[in-house]
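The values are calculated or read from the model by the stated rules, or taken from the named source; none is laboratory data. Here the structure is a predicted model, which is why all the values come from computation and not from measurement. Here the Cβ positions follow ideal geometry from the backbone for every residue, glycine too, while neighbour counts run over all protein chains shown. Areas reflect the complete protein model, heavy atoms only, side chains present, ligands, DNA and RNA absent. Shrake-Rupley method; radii C 1.70, N 1.55, O 1.52, S 1.80 Å.
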Amino acid sequence: MKTPLGQFRVAEKIGHGHPPGTIFKSRVALKPGDPLPDTNDFVTSRILWLDGLEEDNANTRDRYIYIHGTKHEDKIGTPDSHGCIRMRNDHVIELFDLVDEGTPVTIRA
């Protein structure tokens, strides 16, 4: 359940126009009053859903591996996910605005 390595592409961008810190559940933005996900590991602000392009990472999209914002910005840079790449919310919003669907992504150890 680690972050897959290799070559990917941004398969889908989710969250355009939502306020920073918006919480997503199953890639849908929660509205005020919606119940929070059953985890403390929220997906926030924006989602860049990755699609693996190599045999070793071909299941990345099916594993729901994203680049996304987090409420745990203090843990950025330490392994603490089930495979996703977490970013500070302001950084993932900036990245989201800079890339298009289909943009190549390389993940290295």
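Table for the structure above
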quantity	calculated
Residues within the range 1-28 that are part of a strand (DSSP E or B) and either farther than 13 Å from Arg63 by Cβ or under 12 Å from the mean Cα position of the chain (by Cα) (or both), tallied	12
Filtered residue count, the range 35-54, keeping only those that are open to solvent by less than 30 Å² (accessible area, probe 1.4 Å) and not in a strand (DSSP E or B)	2
Close pairs from the range 9-38: first among the polar types (S, T, N, Q), partner in a loop (DSSP other than H, G, I, E, B) and surrounded by 13 or more Cβ atoms within 10 Å (Cβ to Cβ), Cβ under 7 Å, at least 6 apart	Thr22/Gly15
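Results for (1) within 10 Å of the chain's Cα centre (by Cα); (2) of a type in the set (Val, Ile, Thr); (3) more than 23 Å from Gly6 (Cα to Cα); (4) assigned to a loop (DSSP other than H, G, I, E, B), shown as yes or no for each residue.
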| residue | (1), (2), (3), (4) |
| --- | --- |
| Gly33 | no, no, yes, yes |
| Asp56 | no, no, no, no |
| Asp74 | no, no, yes, no |
| Asp80 | no, no, no, yes |
| Gly83 | yes, no, no, yes |
